[in-house]
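Colleague: I'd like to ask you about the structure that follows.
The values are calculated or read from the model by the stated rules, or taken from the named source; none is laboratory data. Keep in mind it's a predicted model, so treat the numbers as computed, not measured. Note: ideal-geometry Cβ built from the backbone for every residue, glycine included; neighbour counts use all protein chains shown.
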């Protein structure tokens, strides 16, 4: 399906094609740290189906904890929104792991799998039991 998205401030905009059936959650401690949250929600976008429309992301190359593989983490240099990760370096990319929260179509990307569940925060299972407010309460 066609996707489009942006960072929080709107400096970075992009479009692409992604399969909602491939959306997933990563619970690894690297993703927890880099999002400042309990997990990261991603969807892969083939390299030839991803296009930046505006802005130039800042890149931080992170060596993944367990595999030792380098990953380029792209984020907005103005507001800090994480946009995607991919292989580092110049040239064509095989794929981009786009952050679902940046997509205008985010509600259609319901996660279908969870990776690194051994690192999941144990309180996630109890979220349904926590009181809810429609707005900040």
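Colleague: From the residues in segment 117-137 that are over 13 Å from residue 38 (Cβ atoms) and not in a loop (DSSP other than H, G, I, E, B), which one is modelled with the highest pLDDT?
Modeller: 118
Colleague: Please go through segment 116-137 and give me each residue that is buried (at least 16 other Cβ atoms within 10 Å of the Cβ) and on the phi < 0 side of the Ramachandran plot, ordered by number.
Modeller: Just the residues of segment 116-137 that are buried (at least 16 other Cβ atoms within 10 Å of the Cβ), to begin with: 116, 119-120.
Of everything in segment 116-137, those that are buried (at least 16 other Cβ atoms within 10 Å of the Cβ) and on the phi < 0 side of the Ramachandran plot turn out to be 119, 120.
Colleague: Of the conditions (1) in contact (Cβ under 8 Å) with a residue 60 or more places away in the chain; (2) within 16 Å of residue 73 (Cβ to Cβ), residue 114 clears all except one; give me its number.
Modeller: Against the list (1) in contact (Cβ under 8 Å) with a residue 60 or more places away in the chain; (2) within 16 Å of residue 73 (Cβ to Cβ), residue 114 comes up short only on (2).
Colleague: Another question, if that's okay. For segment 53-74, does any single residue satisfy the condition of being at pLDDT 95 or above and touching a helix residue (DSSP H, G or I) at 6+ places or on another chain (Cβ under 6 Å)?
Modeller: Within segment 53-74 (the criterion being at pLDDT 95 or above and touching a helix residue (DSSP H, G or I) at 6+ places or on another chain (Cβ under 6 Å)), the answer is no, since none of the residues qualifies.
Colleague: Among the numbered criteria (1) part of a loop (DSSP other than H, G, I, E, B); (2) surrounded by 12 or more Cβ atoms within 10 Å (Cβ to Cβ); (3) free of Cβ contacts under 8 Å to residues at least 60 places away in the same chain, which one does residue 78 miss?
Modeller: (3)
Colleague: A further question on this structure: Somewhere in segment 35-45, is a residue part of a helix (DSSP H, G or I), under 20 Å from residue 112 (Cβ atoms) and touching a helix residue (DSSP H, G or I) at 6+ places or on another chain (Cβ under 6 Å)?
Modeller: No, there is no match, as no residue in segment 35-45 is part of a helix (DSSP H, G or I), under 20 Å from residue 112 (Cβ atoms) and touching a helix residue (DSSP H, G or I) at 6+ places or on another chain (Cβ under 6 Å).
Colleague: Does residue 68 fit the bill of being in a loop (DSSP other than H, G, I, E, B), on the phi > 0 side of the Ramachandran plot, touching a residue at least 12 places away in the same chain (Cβ under 8 Å) and more than 15 Å from the chain's Cα centre (by Cα)? Spell out the reasoning first.
Modeller: On the way: in a loop (DSSP other than H, G, I, E, B): yes; on the phi > 0 side of the Ramachandran plot: yes; touching a residue at least 12 places away in the same chain (Cβ under 8 Å): no; more than 15 Å from the chain's Cα centre (by Cα): yes.
Judged against the criteria, residue 68 is not a match.
Colleague: Take the residues in segment 1-27 that are within 13 Å of the chain's Cα centre (by Cα) and over 14 Å from residue 112 (Cα atoms), then tell me which one is surrounded by the most Cβ atoms within 10 Å (Cβ to Cβ).
Modeller: Across segment 1-27, the extreme among qualifying residues is 7.
Colleague: Could you list, in sequence order, the residues of segment 89-113 that are over 14 Å from residue 24 (Cα atoms), surrounded by fewer than 19 Cβ atoms within 10 Å (Cβ to Cβ) and touching a strand residue (DSSP E or B) at 6+ places or on another chain (Cβ under 9 Å)?
Modeller: 89, 93, 94, 95, 104, 105
Colleague: What about residue 49, is it without any contact (Cβ under 8 Å) to a residue 60 or more places away in the chain, within 24 Å of residue 110 (Cβ to Cβ) and either surrounded by 15 or more Cβ atoms within 10 Å (Cβ to Cβ) or in contact with a helix residue (DSSP H, G or I) (Cβ under 8 Å, 6 or more places away or on another chain) (or both)? Give the derivation first.
Modeller: Details: without any contact (Cβ under 8 Å) to a residue 60 or more places away in the chain: yes; within 24 Å of residue 110 (Cβ to Cβ): yes; either surrounded by 15 or more Cβ atoms within 10 Å (Cβ to Cβ) or in contact with a helix residue (DSSP H, G or I) (Cβ under 8 Å, 6 or more places away or on another chain) (or both): yes.
So residue 49 passes the test.
Colleague: Okay, next question. When segment 1-34 is examined, which residues are found to be within 14 Å of residue 105 (Cα to Cα) and in a strand (DSSP E or B)?
Modeller: 2, 3, 4, 5, 6, 13, 14, 15, 16, 17
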